[in-house]
Amino acid sequence: MASAAQSRIKSISYAKYGYMFIAPFFLVYCFFQIWPLIYTFILSFKGNQSNNAAFVGLDNYTTILFGQGMAAGAAATKAEFLQALGNTFILWFGNFVPQILLSLLLAVWFTDAKVKLPGKGFFKVVMYMPNIITAASVAALYVNLFGDSQYYFVNSLLMNAGMANPIHFVTDPVISKGMVMFIQTWLWFGNTMIMLMSGIMGISPSLFEAADIDGANSSQQFFNITLPLLQPIMVYTLVTSMIGGLQMFDLPYLYHNGSNFSRSLETVAVYIYFNFNKGTVEQANYGYAGAASIIIFAITAILGSITFYMNRDKDAIAKKKQRKMAEKQQKARAKQGGGLTI
Amino acid sequence: MSMKQQYGAQKDNYHKQIMIKSTIILVVCILLTLICLVPIYILIVNATHTHTELAENPSQLFFGGALGENMKILTNDIAEDAGKALRRVARQYSSVFNIGRGYLNSLIIAGCTTLLTVFFSALTAYGLVVYDFKLKGPAYTFIIGVMMIPVQVSSAGFVRFMYSLNLINNFIPLIIPAIAAPAVIFFMHSSLKSTFPLSIVEAARIDGCSEFRTFMSVALPLMKPAMAVQAIFAFVQNWNNYYTQNMILKNDKMMTVPIMVSKVLQFDKDVNYGVNYLCIALSIVPIVVVYVALSKFIIAGVALGGVKE
């Protein structure tokens, strides 16, 4: 009886349920993401401000990339955009590298069964904590701690210790970039660490035990077991961090005193935001904002594909190739054999 | 005898190495702990000092007694005969920073988005893992692909589209898009793939359970650990989402906590250091308290629900 019921169930097609279950995602995604994306693309070919409805072709792109647009101040627009693009990459790279190194080191330490570390749970909780704090509040906190004059915490401490002049942590173009990188790392290293830790803990402990018995030291274990098996999560971390980096907004946008925003922290996301917030909602610089968005989209797509391409499962691909080669050879041999029969 | 001599020395050496390594790790961890905690501590300490105290000595290290005073300025609850300057300061701060309203708005947005994200991502991931259909592969590839598209990329079009739908100053553009969270689906998909026993679905079918009910009462309870982790991440992310909120919400009544903090940061004059710190502390401390209360569960949940390849 049971087997009859089972075979009847097997013969029913459940495909329609699959479509039903994934439909809400696709409907909402298309309405709130895909259409706005297409719309942004369309806007990037249209004019700015009162010229909003006019089709201007590639004018916005040539303006922000080469300063050759028809609008007045094209050269300044280009300078601003290129600076924003440069800032974005500097700020992302400057926080990603220390962040991944620190997180990886901590993750390996915390998962090492041989190391006796008291209060491991406490450290994990504390290190993850900055990540749950609102970036806007963090920016406000650091601006209030690291203000430029002797009236702020850090400079007051330094000057009490004998320094002559306050350090311009907020307004200096170079130091403020360094501060944003530091704060970004401060915010994210705990999160990355826990993600990598859960990856390492997913690796079968018997592999480490076997390596131990074979006499591998901890750096050998790290490079030959942990790192290769961690690759999928590392790729995920890299990709998410890259997305986060390219859209970095809250910290650079808010890390300044009062209403005088400093250009040296302007990222592309800030540039886009400034442009579609110029003037009224109907008459903002949608053209420039759209063009900048599409450029960022293209950069994300290219970087993302490169990362995935470089991190493909090389063994699987090599095996597939080998199998195909073997099949071919077999076929060829069969043919040959067939031809040889007398 | 000779064996003990030979291996005893090696063993001692081995123990010494581990001791040294453990000590280095402990020192690094304590340093990082200080880097994480000291800014928060100073923040809370400074929120308890008056503007005058902070202007005289900005590097206060211990608690003061002016928390109530700062709170009164922030809520514009000051005596008529207090100086004109102080009344101006109080009006300025209380006009942008209404903590009760900010919490309510932030809670509504973060709560609703979390529920939608977790439920619909579980539904989508379940649909992709359990059923076989023609477009299954392309659908999954699509989700992985769009995971990489930053929000900012479509924000110009998003704002203009929401404007044309008359949804500026409305919570809908902040809540409904949460149904589609590719990254959460990716996580749920991989956790389902590695842990979910498909035979359980067939067993439910034989017992006459409908497909949707199988999902609701068989799959969802099994997915709880993964969902809990994703719920925490989703809540934090949406609570902290200053960018989209700032883009859509222009009305004072709809302001969320991050927007209020950013407004306080932009004052050019009549800045009161103590009240500044109090505003930031009010935005940070409750989250930290909730986090500490849930931390064991959060950290354990992260370990349970992380990607396992």
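The values are calculated or read from the model by the stated rules, or taken from the named source; none is laboratory data. Values in this document were obtained by computation on a predicted structure and should not be read as measured data. Neighbour counts are summed over all protein chains in view; Cβ atoms, including those assigned to glycine, are modelled from backbone coordinates with ideal geometry.
At-a-glance table
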| quantity | calculated |
| --- | --- |
| Matching residues in region B:231-245 - criterion: being β-branched (Val, Ile, Thr) and farther than 13 Å from B:Gly111 by Cβ | B:Thr244 |
| Where a residue in region A:322-334 is modelled with pLDDT of 75 or more and its partner, wherever it lies, is surrounded by 10 or more Cβ atoms within 10 Å (Cβ to Cβ), with Cβ under 7 Å and at least six apart | none |
| Condition check for B:Asn251: over 15 Å from the mean Cα position of the chain (by Cα), among the polar types (S, T, N, Q) and either closer than 18 Å to B:Ile108 by Cα or not assigned by TED's automatic domain parsing to the domain that holds B:Gly102 (or both) | yes |
| Odd one out for A:Phe110, checked against (1) over 28 Å from B:Ser59 (Cβ atoms); (2) hydrophobic (A, V, I, L, M, F, W, C); (3) in a helix (DSSP H, G or I); (4) facing chain B (nearest Cβ under 8 Å) | (4) |
| Residue, modelled with the lowest pLDDT, within region A:216-231, restricted to residues that are surrounded by 13 or more Cβ atoms within 10 Å (Cβ to Cβ) and of a type in the set (Ser, Thr, Tyr) | A:Ser218 |
| Region A:10-37 - residue that is over 24 Å from B:Phe120 (Cα atoms) and assigned to a helix (DSSP H, G or I) and, of those, farthest from the other protein chains (Cβ to nearest Cβ) | A:Ser11 |
| Hits in region A:251-284 (condition: surrounded by 24 or more Cβ atoms within 10 Å (Cβ to Cβ), of a type in the set (S, T, N, Q) and more than 9 Å from chain B (Cβ to nearest Cβ)) | A:Thr267 |
| Wholly within region B:86-189, helices (runs of 4 or more DSSP H) carrying at least 2 residues that are more than 28 Å from A:Tyr288 (Cα to Cα) and either within 11 Å of chain A (Cβ to nearest Cβ) or touching a Gly at 6+ places or on another chain (Cβ under 6 Å) (or both) | B:99-130, B:136-146 |
| Which listed residue is touching a residue at least 60 places away in the same chain (Cβ under 8 Å) and at the interface with chain A (Cβ under 9 Å from one of its Cβ atoms), from B:Ala47, B:Ala66, B:Ala55 | B:Ala55 |
| Single match in B:Pro197, B:Pro221 (criterion: under 22 Å from B:Gly127 (Cα atoms), assigned to a helix (DSSP H, G or I) and free of Cβ contacts under 8 Å to residues at least 12 places away in the same chain) | B:Pro221 |
| Some residue of region A:124-131 being more than 23 Å from the chain's Cα centre (by Cα), more than 7 Å from chain B (Cβ to nearest Cβ) and assigned to a helix (DSSP H, G or I) | no |
| Residue within region B:33-44 that is part of a helix (DSSP H, G or I), hydroxyl-bearing (Ser, Thr, Tyr) and within 23 Å of the chain's Cα centre (by Cα) present | yes |
| Top-ranked residue in region B:166-179 [being of a type in the set (A, V, I, L, M, F, W, C) and modelled with pLDDT of 90 or more; ranked as surrounded by the fewest Cβ atoms within 10 Å (Cβ to Cβ)] | B:Ile172 |
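This table checks each residue for (1) buried (at least 19 other Cβ atoms within 10 Å of the Cβ); (2) modelled with pLDDT of 85 or more; (3) in contact with a strand residue (DSSP E or B) (Cβ under 6 Å, 6 or more places away or on another chain).
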{"site": "B:Asn76", "(1), (2), (3)": "no, no, no"}
{"site": "B:Glu80", "(1), (2), (3)": "no, no, no"}
{"site": "B:Leu104", "(1), (2), (3)": "no, yes, no"}
{"site": "B:Ile108", "(1), (2), (3)": "no, yes, no"}
{"site": "B:Thr124", "(1), (2), (3)": "yes, yes, no"}
{"site": "B:Gly137", "(1), (2), (3)": "no, yes, no"}
{"site": "B:Gly145", "(1), (2), (3)": "no, no, no"}
